[in-house]
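Shown next, in structure tokens, is the structure this report addresses.
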Amino acid sequence: MPIVTAVVWYDHRRRNRDSKEAVWPGYAPGLFCKRIIDLDLGMKPVSPYAQPDVVACRDCTRLVKHQARIKRQHPDYWCAPVPGWGAVRSRLMILGLAPGLAGAGRTGKGFVGDASGAFLFKSLHSHGFATDYRSERARLRETVITNIVKCVPPANRPLSGEKRNCERFLARELESFLPKRRSKNRVILCLGRDAYESVHRLLELPTMPFTHGMCLRTRENVFILTSFHPSRLNVNTGRLTQSMFDSVIALARSLLSQ
């Protein structure tokens, strides 16, 4: 099982000045490496070392302060920007809005460790995109998971400016994910309206209203699927059921099998 080394960042004012701990190569002023953590990022992992500028980002003052507050309350949480993770040669990209506090905010891996992740991974495992239905034990197959916003936002709602700040990272992820030439099908699964609108804006696609269960073909071998976000609210109110979501993942599998 592949393991990579990741870091948790702390506010520099909390630093023990006698500490001799190493600093991340993409070090940003005001941050330092307080703790090194080993994370299993899945089969052929997309390592945070490939995205040091994501983890070191301090562009959004409100989000930086929020991570510091969380770290004081939960010293063992990740509490830093969360890079995408999954298989390097991915053909399915799953895009959410932002890390959840009990999930990626704690584990450093999108949709790992919370109720939304449990819901998501049940379907991923059923259709062969994950090795286990338990998110914290699963490795992804042909799949990468990421979010528009890389930091846990207050009340789970990032501001529009924060989404725009982070879209440069998403643009780079999309550029890496989309095929450069004719190849096998690729699928982008947008979880919720925000993810759908960001993808449309970055790919400069014609505007279409968001609904659950859409399937759009943007070029010969690239498809965009949509689903309601598997948030606790959507699941508990029945707006999104497991069978509804399973149908979307089944369609993704069908498109990738063509």
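Before moving on, here are some points about what is shown:
- In this structure, the amide hydrogen of A130, modeled 1.01 Å from its nitrogen in the peptide plane, lies closer than 5 angstrom to those of H125, R141, counting only residues at least 5 positions away or on a different chain.
- Label-to-label distance, nm, for residues given as R62 and R89 (7 Å Cα→Cβ offset): 4.3 nm
- Between I145, Y133, N185, the Cα set farthest toward the positive side of the dipole of region 125-193 (charges on each charged residue's Cβ, about the Cα centre) is that of N185.
- Zone of Q258's modelled label, taken as backbone nitrogen in region 87-112 under 18 Å from a point 7 Å along Cα→Cβ: 91-93
- The charge dipole of region 44-256, taken about its Cα centre with unit charges on the Cβ of Lys, Arg, Asp and Glu (plus for the first two, minus for the last two), comes to roughly 260 debye.
- Distance between modelled label sites at N236 and E175, nm, 7 Å Cα→Cβ extension: 4.1 nm
- Neighbour net charge for S176 - beta-carbon separation under 12 angstrom, K R +1, D E -1: +2
- Relative contact order of region 44-256, pairs being alpha-carbon contacts under 8 Å that are 6 or more residues apart, as %: 20 percent
- For region 133-258, the Cβ-based charge dipole about the Cα centre amounts to some 320 debye (Lys, Arg positive; Asp, Glu negative; other atoms uncharged).
- For N147, distant residues with modelled amide H under 5 Å away: G96
- Prolate/oblate/rounded call for region 44-256, Cα gyration tensor, a/c under 1.5 rounded: rounded
- Residue-wise HN-Hα coupling along region 62-67, computed from phi with Karplus coefficients 6.51, -1.76, 1.60 (Hz; x: Gly, Pro): 4, 6, 4, 5, 5, 4
- Checked against a 25 Å cut-off, the cross-linked pairs K71/K163; K150/K184; K65/K122; K71/K122 give Cα-Cα distances beyond that limit for K150/K184; K65/K122; K71/K122.
- Global geometry of region 169-216, whether rounded, prolate or oblate, following the gyration tensor of its Cα atoms and the 1.5 cut on a/c: prolate
- Length gained when the stretch K184-S243 is fully extended (0.36 nm per residue, less Cα-Cα span): 18.5 nm
- Cα gyration tensor shape for region 124-237, rounded if a/c is under 1.5, else prolate or oblate: rounded
- Length added when fully stretched, L159-C215, from 0.36 nm per residue minus Cα-Cα: 17.4 nm
Read the figures in this text as sums done on the coordinates, not as results from a lab. All values reported here derive from a predicted model rather than from experimental measurement. Note that each Cβ is placed from the backbone with ideal geometry, even for glycine, and that neighbours are counted across all protein chains shown.
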